[in-house]
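Data block below; observations after.
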Amino acid sequence: MTAHIIDGKSIAQQVRTEWKIRADALKARGITPGLAVIIVGEDPASRVYVANKVKACAELGLHSEHIVMPADTPEAALLGKIAELNRDPKIHGILVQLPVPKHIASNRVLEAISPDKDVDGFHPENVGALVTGNMRFAPCTPFGAMKLLEKSGVAIEGKHAVVVGRSNIVGKPMALMLLQQNATVTICTSKTVDLAKFTRDADILVVATGRPKMITGDMIKPGAAVIDVGINRLPDGKLCGDVDFDSAKQVAGWITPVPGGVGPMTITMLVANTVQAAERSAK
Ligand code: NDP
């Protein structure tokens, strides 16, 4: 068997077109959805991510503000900026690019963002909403992974979904979203004994570990849907996922490539959350 390759780029484009229609409808009522992205410091990878987020907003005709603060910005100044954006009616979504410099407590930053503008879905109130099945803002990467499953026609209800990784930004929210869609969910971590026993039983396997190519074809159930969230840079400069694509695609029913799978969906869902925030504020 050779897996169906899930084309994240093309699905991202399709989803963006759907959200552009909703953004245009708001603009016709005089409301332009606005996103503010704050970056503190000079991390080059973060700068690229932020530039891509701002570009995606422009593509959909959204208003965006890119706020760069020096690496030695005091925490109070960052919190002050967030408070200002919380009050700004042009801004519907606020995102602080993580990681922030070590002298700033990221939990205080995330808690300072108004839950109504928390388009990353990291505020404890929005995390609680996800846990209790009343999702408001879904964290963008797992939200994008769920969209890939939906658009690829992968059935979720009643299936065994195994999520490898339990981070707050990917693994845990992914598991909760799958549970919400009535999958039977197992979460595996670095402490799991006999990982392959679990992954081989997965109808849907989501891998978010940051360990290059750690899931190989022999660890996958034939016909499974494999979502590879990992983005790793190899010594030769090439990108790879947490799944060994070449062996996995011989066994899986569906698989996301890296790059070109989950990656393009993350920013797309950020834009979607921003439009959604503007829709809610317009009500
Ligand atoms: P974290 O480092 O925060 O979490 C990694 C998780 O993987 C931990 O829960 C860890 O377990 C688990 N893990 C590590 N090694 C193993 C192992 N051998 N077996 C089982 N579980 C293991 O990573 P993130 O969740 O932030 O990111 C994961 C990957 O996804 C990275 O490659 C990252 O670059 C990528 N990513 C991609 C995004 C995108 O837009 N496509 C966005 C965000 C992340 P434990 O808790 O026990 O330590």
Would you mind computing, in nm to one decimal, how far apart the modelled labels at Ala51 and Arg108 are, each placed 7 Å from Cα along Cα→Cβ?
3.2 nm
Percentage relative contact order, segment 30-121, counting C-alpha pairs under 8 Å, at least six apart:
37 percent
Say we join alpha carbon atoms closer than 10 Å with springs in a Gaussian network model of the chain; which of Thr199, Thr266, Thr17 then has the biggest fluctuation?
Thr17
For the chain, give the share of DSSP beta bridges that are antiparallel, in percent and rounded to the nearest 5; count only bridges with both residues there.
5 percent
Taking a temperature of 25 °C and a viscosity of 0.890 mPa s, what whole-number D in µm²/s does Stokes-Einstein yield for segment 26-134 with Rh from Kirkwood over alpha carbon pairs?
169 µm²/s
So with the 1.4 Å probe, I'd like the accessible area per residue for the chain, rounded to whole Å².
45 Å²
Ignoring any ligand, DNA or RNA, what whole percent of the accessible area of the chain comes from carbon and sulfur when the probe is 1.4 angstrom?
55 percent
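Would you mind getting the Kirkwood hydrodynamic radius of segment 139-263 from its Cα pairs, rounded to one decimal in Å?
Numbers: mean 1/r = 0.0715 Å⁻¹.
Computed over Cα pairs of segment 139-263, the Kirkwood hydrodynamic radius comes out at 14.0 Å.
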I'm a student and want to see the number: the projected area of the Cα convex hull of the chain, averaged over all directions, in nm².
14.8 nm²
How big is the charge dipole of segment 139-263 about its Cα centre, in debye rounded to the nearest 20, if each Lys and Arg gets +1 on its Cβ and each Asp and Glu gets -1 on its Cβ?
220 debye
Too-long pairs where the Cα-Cα distance tops 24 Å, listed order kept, from Lys20/Lys283; Lys191/Lys213; Lys53/Lys159; Lys151/Lys197
Lys53/Lys159; Lys151/Lys197
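Please work out how much length the chain gains when fully extended from Asp201 to Val68, using 0.36 nm per residue of separation minus the C-alpha to C-alpha distance, in nm with one decimal.
43.3 nm
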Inter-site label distance for Leu98 and Thr189 at 7 Å from Cα along Cβ, in nm
1.6 nm
Starting from the Cα-Cα distance between Thr32 and Glu157, subtract it from 0.36 nm times their residue separation and give me the gain in nm to one decimal.
41.3 nm
With runs of 4+ DSSP H residues as the only contributors, calculate the mean residue ellipticity of the chain at 222 nm using -39,500 (n - 2.57) per run, divided by the residue total and rounded to the nearest 500.
-12500 deg cm²/dmol
Between the modelled labels at Arg22 and Arg87 (7 Å from Cα along Cα→Cβ) the distance in nm is 3.0 nm
Assigned charges on the beta-carbon of Lys, Arg, Asp, Glu; the chain dipole about Cα centre (debye):
300 debye
How far, in degrees from 0 to 90, does helix 140-151 lean away from the longest principal axis of the Cα atoms of the chain, to the nearest 10?
50 degrees
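The values are calculated or read from the model by the stated rules, or taken from the named source; none is laboratory data. Note that this is a predicted model, so its numbers are computed, not measured. Please note: Cβ atoms are built from the backbone with ideal geometry, for glycine as well, and neighbour counts cover all protein chains shown. Note: accessible area is taken over every heavy atom of the protein model, side chains too, but ligands, DNA and RNA are not part of it. Shrake-Rupley method; radii C 1.70, N 1.55, O 1.52, S 1.80 Å.
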